[in-house]
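Remarks on the structure that follows.
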Amino acid sequence: MPAQDPVPQPSGDGDLVSGRAETSVGTLGPVGDDGRTPTILVVDDQPEMAEATAAYLEREYEDAEVVTATSGDEGRTIIDDREIDCVVSDYDMPGMDGLAFLSVVRERDAGLPFVLFTGKGSEEIASEAISAGVSDYLQKGGIDQLALLANRVKNLIDKRRAEEALRLRVQAIEAAREGIAILDDEGRYVYMNEAYAAMHGYEVAELLGETWEVLSTDEEVAVFSEEIMPELSSVGTWRGSVTGVRSDGSRFPKDLSMAHMDGGGHVCVISDMTDYVAVSEETVAERVLHAHETGAMLVEGESIVGANNEFLTLVRHSRDTLLALTVPALGAGLTRLVERTRETGRTQEGTVTLSAESGTTTTVRCRVAVVDPQRESVAVLAWRA
C-alpha cells in the first residue's frame with residue numbers, strides 16, 4: 001500500500017492516535033541481499049489495528065510487503081500459502097491467542113522471526129512468551145513503540161537472512177570437491193571441509209587446532225616462511241603449486257590458492273593434481289614428460305606446451321598460468337639454457353632462478369635436451385639446486 005502522511009497510529013489494543021513520529025528509524029531499504037522482497041505478516045483481531053501497524057511498517061520499509069490477518073487461523077493459512085520473513089502478532093485474540101499461534105508457526109518453521117506485539121503486557125505474559133520461544137516481545141504504546149517495532153523487525157529479518165546465506169555457503173563449501181580451510185593469524189586451522197582433510201588422509205577433527213606445517217614438507221615450510229607468506233602479507237593473495245604431505249608420509253602435488261581475510265587469518269583452497277592429465281591424446285614426448293619423477297616441462301619455440309605436476313610444484317605455478325607463459329617469463333637463465341641447447345644440438349645443464357606465479361623466485365638445477373629440432377621442441381628437467 002502507498003505510504004501516506006499522516007498515518008493513523010495505534011497506541012494500544014483498540015486506541016488510535018493521529019500524527020507523525022517525532023523520532024523515526026528513517027527509511028529502511030530492502031532487507032537482505034537475496035533480491036527477494038521481504039514479507040511481513042501482521043496478525044491482530046482488530047482490523048484497524050492490523051492495518052495501521054501494516055501501514056507504518058510499509059512506510060518504513062519502502063520495498064517490503066506487509067500482509068494482515070485478523071485471527072490465528074487466517075495467519076496459519078497465509079503462512080501455509082506463501083513465504084513469510086517475519087510475524088508480528090497480537091497476544092489477546094479470541095479462539096487462538098498469540099502464544100497458541102506461535103506454536104502453530106514453530107511447527108512449520110522453527111526459526112521464523114516472531115514478535116509478540118500486544119497491549120496486554122505483563123511480566124507473566126512476557127515470561128511465558130520468552131519461554132515459548134518468541135524472537136521479541138513488545139508492548140503497544142504509540143508511535144515510539146511502532147518505531148521500535150520497525151527496528152526490531154528489520155534486525156530480525158536481517159539476522160535470519162544472514163544466517164540462511166551462511167548456511168547455504170557452508171553447505172556449498174562442504175559439498176565442494178576442492179579442499180577449503182581457514183587459518184587464524186597463528187597459522188592454525190580453525191575450519192576446514194572434509195575434502196581438505198581427506199586429501200591429506202585425515203579426519204577434520206584431527207587437524208583443527210594444528211598448524212599448516214603438519215601438512216607440508218620441510219622444504220615447503222622454508223619456502224612458505226621465507227617467500228610465500230611475505231608475498232601473501234604484502235599482496236593479499238597467492239596462488240601456485242606446492243607439495244602436500246599425507247598422514248602416511250606420502251607426498252602429492254597440489255594447486256594452492258590463498259587469500260587474506262579482512263578479520264585476520266587467511267583462507268586456503270587446494271586441489272589434488274595427482275591424477276591430472278593435460279591432454280587427451282599425448283605425444284611420445286608428453287608421455288615421457290609425465291613419467292619423470294623430477295620436474296619436467298615441454299617447450300616449443302618460446303611456448304610452454306606441457307608440464308608435469310612435479311615441475312608445477314617446484315616452480316610454484318598453477319597449470320593454467322604456466323601454460324599461458326613463454327619461456328622468457330620464467331627467467332633469463334632458463335632462456336639462455338634453451339637457446340644454447342638449440343644452437344649446439346646438445347644437452348645443456350645449469351643452475352637458474354625461475355620466477356613463480358606470485359612474483360617470488362626459486363633456484364633450481366635444470367637440464368635441457370632437444371626433443372624435435374624441426375618443431376624447436378625441447379624438454380626441461382628441473383630439481384632443487
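Couple of notes before you dig in:
- Residues satisfying the stated conditions in region 58-87, i.e. over 17 Å from residue 153 (Cα atoms) and either in contact with a His (Cβ under 9 Å, 6 or more places away or on another chain) or of a type in the set (D, E, K, R) (or both): 73, 74, 76, 80, 81, 82
- Meets criteria (modelled with pLDDT of 85 or more, hydroxyl-bearing (Ser, Thr, Tyr) and farther than 30 Å from residue 113 by Cβ) for residue 191: no
- Evaluation of residue 248 against the conditions (1) in contact with a helix residue (DSSP H, G or I) (Cβ under 9 Å, 6 or more places away or on another chain); (2) surrounded by fewer than 18 Cβ atoms within 10 Å (Cβ to Cβ) shows that the sole unmet condition is (1).
- Hits in region 165-184 - residues which are touching a residue at least 12 places away in the same chain (Cβ under 8 Å) and either closer than 16 Å to residue 244 by Cβ or surrounded by fewer than 11 Cβ atoms within 10 Å (Cβ to Cβ) (or both): 177, 178, 179, 180, 181, 183
- With respect to the conditions (1) modelled with pLDDT of 85 or more; (2) of a type outside the set (Lys, Arg); (3) surrounded by fewer than 17 Cβ atoms within 10 Å (Cβ to Cβ), residue 258 falls short on a single one, namely (3).
- Within the option set 80, 92, 63, being assigned to a helix (DSSP H, G or I), exposed (fewer than 15 other Cβ atoms within 10 Å of the Cβ), in the same structural domain as residue 148 (by TED's automatic domain parsing) and of a type in the set (Asp, Glu) holds for one residue only, 80.
- Sub-9 Å Cβ pairs linking a first residue in region 204-226 that is touching a residue at least 60 places away in the same chain (Cβ under 8 Å) to a second residue that is among the β-branched types (Val, Ile, Thr) and surrounded by 14 or more Cβ atoms within 10 Å (Cβ to Cβ), at least 6 apart or interchain, are 219/243; 223/242; 223/360; 223/362, ordered by first then second residue.
- Residue in region 105-120 that is more than 22 Å from residue 159 (Cβ to Cβ), at pLDDT below 90 and surrounded by fewer than 22 Cβ atoms within 10 Å (Cβ to Cβ) present: yes
- Exactly one residue out of 363, 321, 326 is under 39 Å from the mean Cα position of the chain (by Cα) and under 21 Å from residue 216 (Cα atoms): that is 363.
- When residue 134 is tested against the conditions (1) part of a helix (DSSP H, G or I); (2) outside the structural domain of residue 268 (by TED's automatic domain parsing); (3) without any contact (Cβ under 8 Å) to a residue 40 or more places away in the chain, the lone failure is (1).
The values are calculated or read from the model by the stated rules, or taken from the named source; none is laboratory data. In this text, all values refer to a predicted model and were calculated from it rather than measured experimentally. Here the Cβ is made from the backbone with ideal geometry for all residues, glycine too, and neighbour counts use every protein chain on show.
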